[in-house]
Amino acid sequence: MREESEKGEKKPTKEKRIPVFIMGQKYEVPEGFTILNAIEYAGYQLKRGVGCREGFCGACATVYRLPGDYKLRGGLACQTVVQPGMYITQIPFTPAQKATYDIEKLKPDVTTFQKFYPEVFRCLGCNACSKVCPQELDVMGYIQAIMRGDIQMAANMSFDCIMCGLCTMRCPAEMAQYNIAILARRLYGRYLSPKSEFLEVRLKEIEEGKFEEQFKEIMSLSKEELRKRYVERDINFKIT
Amino acid sequence: MSGYPESMQESLNLVKKTRPKRVELARKGLKIFNALTMEEREEVLSKYHPDYQPDSKKIIRLGPNKNEKLTARIVDILESHSRINPDDIDLSNPDFDVDILIIGGGGAGAEAAIWAMRQGAKRILLATKLRIGDANSMMSQGGMQAAVNPHDSPVIHYLDVIGGGHFENKPELVKILTSEAPMIAKFLSHLGVMWDREKDGHLQTKPGGGTSRRRLLSSRDYTGAEIMRTLRDEVKSHPDIITVLEYSPAIELLTDEEGRVAGALLMQSETGEYIIVRAKSTVITTGGFGRLHIKGFPTTNHYGATADGLVLAYRVGAKLRDMDTVQFHPTGAAYPEQVLGFLITEKVRGLGGQPVNKFGELFVFPLEPRDVEASTFIRECAEGRGVKTPTGRVGIWLDSPVIEEISGPGTIEKQLPAMLRQFHRFDIDIRKEPMLVYPTLHYQNGGIEINGRTETNIPNLFVAGEASGGVHGKNRLMGNSILDYNVFGRRAGIYAAENALKNNIGKKLSLEHVRKWEKELRDAGIETKKISPILFPDYRNFELIKKHRKELDPFVGFALTGWQE
């Protein structure tokens, strides 16, 4: 925590301000702030376009331009540090197709994508999706893997996707890569990844009541006995 | 190149210097530091844990927990006025008449919706303050506990949970939690969750703080995100049965003439529109309270974690429990300032990462229960063995490079991609340099008391996930929150659907409990401008908001400074 009372410590120096443009309006905000901090500092209390604030939820997709640069860049407001003269607009929502399906009834192959997301096959190979991805994923790469029917590869390549929607906003083939990718991951997880044999054994043990006697015994202990049992328990990270 | 400023380099060099010796200890499989005895645990907790500070709790003056000591900030938020005057609202024409209303779109809410549907419910409304999936569930990284190894069992898991919770958990709930964990692992896998697996398909397991076996299932370090986005996808795949209403927080529950819960009053957060929902069963899955910044701590929590459900339920008469303890996660980021408080997964320590002080010395067993581990970090800093940052904060090092020295290069990229990416954004390579950490506000250990059917003491009101109380006692172990919301979210869906089959609510909706609440406030002599639920924290520049104003809206600046009274 901030140590305010400690003697002789230098107080943090007053922060330097830099100009940024939030939806065209100019504000002076402290240097080093993230875009999200800057928007709030400017006086906005967000009710949309804000989420986990740690880069996991994809709620705060933002596009920006830097002075003298023609490129439209994308990022997460909570993870991108402001730069002088930055023009900022949040994209709190992406209009996108989301197929509805019963995962139990799907086939884990390319035909599923042909059925639910035929636009996958319109990919132009322009790579605009990968360039804008704030997670630096090879978005085009996983789309092409899907076109080849390699669902495992698509699932792994897209694994770190936070579904912010920026790829979709840039795609000239007008597909919703992030919704396509989650279908690939669900198909892989449900059908293609290897299964645990022992998990079935354990489920059967529980169903058959194998642990009921032990539960009965441990739940009948007094707090003191339970404490003793806990302290004396064997901690072992070697065995599985 | 180092990602840290000059002033921190001296200490970094010491960490580097002591690393080979620490790696050698770990390689030999020796305990790198002795675990504390129960007595030593008590001592460090009472001296350094924020819950044990004299100003951390106060007595609540009204409601079902009247005269009990609760966390002070919680008392503040409970001893508040409603956002509405019941006389201003006409309840005669509900906008929705459903079997089940679920309030909160995180993991517990999504599980409840899916299982209510599987149970045969046809009209399910899931209302959420932000978007579905905007929740702490999305952010948990480390994993989910489940006894899926031959040398582990639900009973061993049970003992770990009870001990971690200081023997204050509701045993009935813990038994359910640990017994249903393997089933949940399979259910999620069936939905398409990509668990980390061994080559033969066996689920990979890692140790966690306070566990006695390897029991933590993971999906890289996006475990929460992987599960939440899969549940969300499943919910969104059934729009004919589950209606999702986003940006629509509940601001009060509704009852029937007999005081049984019968739905809720929602408010569209941007337009202010009131939405009246009549429901046969109401499920609260609103999550926790991190954004209340208890004791001024930064938090790992989602923007929406403002304890809304707690306030609503308390006003309608639901009893709370274990609301006198707060979980501080030992490893919140302390540098750089932009990511202050942000969660550094416990998996870092599960993989062998070591906490060391400014001299590069080990000072604690890395996998103590969270409250104990956090207290030792605070101790090191309070006694001058912490590392100072340029902005005047202090922390201890979490030495991540040892992970690759122990398990080989590439381990961090494979196992901690999110952490690697987050720090890389600020020019810190966690494969080469440690992270600076300090405890951060993480979890609401207690909540609205439930039984094994997720019922509360109020008819038709169910609660699951972080909003509920009893599962974790006074301290939750790592990997049990994902498990909690899956196990009890599922149960809430099933039992809420069952409950909805009964003819269980009267025709007329009522806000009588709000009138009663206001009277209780007056009778207790509580004069306040405070209003709750607050719905959103406020991080605006306070100077700007104060400018030229004599009077402030009661919510202004809440998160940073408490209410402006």
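Brief remarks on what is shown
- Tallying residues that are of a type in the set (Asp, Glu) and either in the same structural domain as B:Lys280 (by TED's automatic domain parsing) or in contact with a helix residue (DSSP H, G or I) (Cβ under 8 Å, 6 or more places away or on another chain) (or both) within the range B:61-87 yields 1.
- Checking B:Ala108 against (1) of a type in the set (A, V, I, L, M); (2) crowded, with 24+ Cβ neighbours inside 10 Å; (3) under 29 Å from B:Gln415 (Cβ atoms); (4) within 14 Å of another protein chain (Cβ to nearest Cβ), the condition it does not meet: (4)
- The selection criterion, being in contact (Cβ under 8 Å) with a residue 24 or more places away in the chain, touching a helix residue (DSSP H, G or I) at 6+ places or on another chain (Cβ under 6 Å) and buried (at least 21 other Cβ atoms within 10 Å of the Cβ), holds for B:Ala113.
- Check on A:Cys161, buried (at least 19 other Cβ atoms within 10 Å of the Cβ), over 30 Å from B:Glu198 (Cβ atoms), more than 8 Å from every other protein chain (Cβ to nearest Cβ) and of a type outside the set (D, E, K, R): no
- A:Leu199 in a helix (DSSP H, G or I), within 30 Å of B:His151 (Cα to Cα), within 14 Å of chain B (Cβ to nearest Cβ) and in contact with a strand residue (DSSP E or B) (Cβ under 8 Å, 6 or more places away or on another chain): yes
- Any hit, the range B:383-391, residues being touching an Asp or Glu at 6+ places or on another chain (Cβ under 6 Å), surrounded by fewer than 22 Cβ atoms within 10 Å (Cβ to Cβ) and under 27 Å from B:Glu10 (Cα atoms): yes
- Hits in the range B:284-309 (condition: facing another protein chain (nearest Cβ under 9 Å) and farther than 13 Å from A:Cys52 by Cα): B:Gly296, B:Phe297, B:Pro298
- The set of residues from the range B:160-191 being at the interface with chain A (Cβ under 7 Å from one of its Cβ atoms) and either without any contact (Cβ under 8 Å) to a residue 40 or more places away in the chain or surrounded by fewer than 20 Cβ atoms within 10 Å (Cβ to Cβ) (or both) comprises B:Phe167, B:Pro171, B:Lys175, B:Ser179, B:Pro182, B:Met183, B:Lys186, B:Ser189, B:His190, B:Leu191.
- Count - residues of the range A:42-77 that are within 7 Å of chain B (Cβ to nearest Cβ), more than 18 Å from B:Met419 (Cα to Cα), touching a residue at least 24 places away in the same chain (Cβ under 8 Å) and basic (Lys, Arg): 1
- Entirely in the range B:1-82, the helices (runs of 4 or more DSSP H) that have 3 or more residues that are over 30 Å from B:Ala264 (Cβ atoms) and of a type outside the set (Val, Ile, Thr): B:9-27, B:38-48
- Residue among B:Ile494, B:Ile526, B:Ile505 that is under 26 Å from B:Arg123 (Cβ atoms), outside the structural domain of B:Leu340 (by TED's automatic domain parsing) and assigned to a loop (DSSP other than H, G, I, E, B): B:Ile505
- Taking the criterion of being among the acidic types (Asp, Glu) and buried (at least 22 other Cβ atoms within 10 Å of the Cβ), no residue of the range B:348-367 qualifies.
- Those residues of the range B:451-468 which are touching a Leu at 6+ places or on another chain (Cβ under 7 Å) and part of a loop (DSSP other than H, G, I, E, B), in sequence order: B:Gly452
- B:Lys58 vs. criteria surrounded by fewer than 19 Cβ atoms within 10 Å (Cβ to Cβ), within 26 Å of the chain's Cα centre (by Cα) and either more than 14 Å from chain A (Cβ to nearest Cβ) or farther than 22 Å from B:Phe328 by Cα (or both): yes
- Candidates B:Leu351, B:Leu362, B:Leu367, B:Leu343, filtered to the one that is closer than 30 Å to A:Ala38 by Cβ, among the aliphatic types (A, V, I, L, M) and not assigned by TED's automatic domain parsing to the domain that holds B:Gly142: B:Leu343
- The range B:111-122, residues that are more than 26 Å from A:Phe56 (Cα to Cα), within 14 Å of chain A (Cβ to nearest Cβ) and of a type in the set (A, V, I, L, M): B:Met117
- Filtering the range B:123-159 to residues that are farther than 21 Å from A:Gly209 by Cα, among the aliphatic types (A, V, I, L, M) and facing chain A (nearest Cβ under 10 Å) leaves B:Leu130, B:Ala135, B:Met138, B:Met139.
- Residue check for A:Lys210: outside the structural domain of A:Thr112 (by TED's automatic domain parsing) and either part of a helix (DSSP H, G or I) or in contact with a Gly (Cβ under 9 Å, 6 or more places away or on another chain) (or both): no
- B:Leu552 falls short on exactly one of the conditions (1) under 20 Å from B:Ile184 (Cα atoms); (2) within 14 Å of chain A (Cβ to nearest Cβ), and that condition is (1).
- Qualifying positions in the range B:192-201 - surrounded by 21 or more Cβ atoms within 10 Å (Cβ to Cβ) and either more than 8 Å from chain A (Cβ to nearest Cβ) or not aliphatic (A, V, I, L, M) (or both): B:Gly192, B:Trp195
- Members of the range A:35-62 that are polar (S, T, N, Q), surrounded by fewer than 24 Cβ atoms within 10 Å (Cβ to Cβ) and outside any loop (DSSP other than H, G, I, E, B): A:Asn37
- From the list A:Tyr188, A:Tyr178, the lone residue that is under 21 Å from B:Glu234 (Cβ atoms), more than 7 Å from every other protein chain (Cβ to nearest Cβ) and not polar (S, T, N, Q) is A:Tyr178.
Every residue, every condition in (1) modelled with pLDDT of 95 or more; (2) crowded, with 16+ Cβ neighbours inside 10 Å; (3) over 31 Å from the mean Cα position of the chain (by Cα), yes or no:
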{"residue": "A:Ala181", "(1), (2), (3)": "yes, yes, no"}
{"residue": "A:Glu200", "(1), (2), (3)": "yes, no, no"}
{"residue": "A:Lys216", "(1), (2), (3)": "yes, no, yes"}
{"residue": "A:Val231", "(1), (2), (3)": "no, no, yes"}
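- Residue within the range B:31-43 that is acidic (Asp, Glu) and surrounded by 19 or more Cβ atoms within 10 Å (Cβ to Cβ) present: no
- Of the criteria (1) facing chain B (nearest Cβ under 7 Å); (2) more than 37 Å from the chain's Cα centre (by Cα); (3) surrounded by fewer than 16 Cβ atoms within 10 Å (Cβ to Cβ), which one A:Ser222 fails: (1)
- Residues that are farther than 30 Å from A:Val63 by Cβ, within 11 Å of chain B (Cβ to nearest Cβ) and either of a type in the set (A, V, I, L, M, F, W, C) or in a loop (DSSP other than H, G, I, E, B) (or both) within the range A:92-118 comprise A:Tyr101, A:Asp102, A:Ile103, A:Leu106, A:Pro108, listed in sequence order.
- Looking at the range B:339-411, the helices (runs of 4 or more DSSP H) lying wholly inside it that each contain 1 or more residues that are at pLDDT 95 or above sit at B:370-382, B:401-407.
The values are calculated or read from the model by the stated rules, or taken from the named source; none is laboratory data. What you see is a predicted model, and the numbers here were worked out from it, not measured in a lab. We place every Cβ from the backbone using ideal geometry, glycine too, and count neighbours over all the protein chains shown.
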